[in-house]
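Structure first, then comments.
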Amino acid sequence: MKKILFFISAVIFISSILYAAEPGTDKTVIPREKNVFTNPSDNEFIGKIGTAYAADPDKFGLDLSINYIFNIDPVFVFGLEADFFWINWENKLEDVNAGGAANGSLTAQTDLYTFPFFANATVRLPFLKQKIYVEPSVTIGLGYAFMILDYSSDTESDTDFYSGFAWQFFGSISYKIFERSAVDFVLDLGYRDTTPEKDKVEIDMSGVIARIGVRMYI
């Protein structure tokens, strides 16, 4: 009986070695590399933060961007983008006397909250990564923007709503620190044009945009 059990154990052991050594039978699960060039069906999520300039306020402000990308193929992609652009400043209205002890200033605060939405078309050049180590691309987007103007001071306050057509054009470069990583770092530099209006009053919020972020394959 012991000889039979030994024989069966030996057969199973030898069979397992031969099975493991046989080409194509390695059952180790290797995560599939998520890369827009090798797997163009992988869609993407991009989050970016940076700054943008607005012509009429003549100021820079905080700019946030969220993008969902549909990969048509390695070169041509289509995406939807939602942005948040915020500018804040204070104006000195007049000098005031604070209880006869010290002089102060009466100020008014203005906040401009702009929400541009775009449909983007992007052309990428992934074949250049082997030569210049980054993937360049250009994007053009058409959309619409909504803006809230909030004004407040010690004597009055007001909130107005504006809206209008928007378009943008920017170039990007993306860089992957580790080739098998599912995350790329992205840098944008371009121009956004939008002039929201209300009752024929326009506020030109157009200007340059500069952002940095991450691109994740999902």
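The values are calculated or read from the model by the stated rules, or taken from the named source; none is laboratory data. What you see is a predicted model; the values in this text were computed from it and never measured. Please note: Cβ atoms are built from the backbone with ideal geometry, for glycine as well, and neighbour counts cover all protein chains shown.
Scanning for something crowded, with 18+ Cβ neighbours inside 10 Å and either at pLDDT 90 or above or acidic (Asp, Glu) (or both), does region 93-102 turn up at least one residue?
Of the residues in region 93-102, the ones crowded, with 18+ Cβ neighbours inside 10 Å are none.
Within region 93-102, none of the residues are crowded, with 18+ Cβ neighbours inside 10 Å and either at pLDDT 90 or above or acidic (Asp, Glu) (or both).
Asn35 meets the conditions (1) modelled with pLDDT of 75 or more; (2) in contact with a Lys or Arg (Cβ under 9 Å, 6 or more places away or on another chain); (3) farther than 18 Å from Asp188 by Cα in every case but one. The failed one is (1). In the set (1) touching a Gly at 6+ places or on another chain (Cβ under 9 Å); (2) surrounded by 13 or more Cβ atoms within 10 Å (Cβ to Cβ), the condition left unmet by Tyr113 is number (1).
For the residues Arg192, Arg211, Arg215, the requirement of being charged (D, E, K, R), within 14 Å of the chain's Cα centre (by Cα) and within 21 Å of Tyr53 (Cα to Cα) singles out Arg211. Selection of region 134-184 for residues being touching a residue at least 24 places away in the same chain (Cβ under 8 Å) and of a type in the set (Phe, Trp, Tyr) yields Tyr144, Phe146, Tyr151, Phe161, Tyr162, Phe165, Trp167, Phe169, Phe170, Tyr175.
Just one of the listed residues (Pro57, Pro23, Pro74) is at pLDDT below 65 and part of a loop (DSSP other than H, G, I, E, B), namely Pro23. Checked against (1) closer than 18 Å to Leu62 by Cβ; (2) assigned to a strand (DSSP E or B), Asp158 passes all but a single condition, namely (1).
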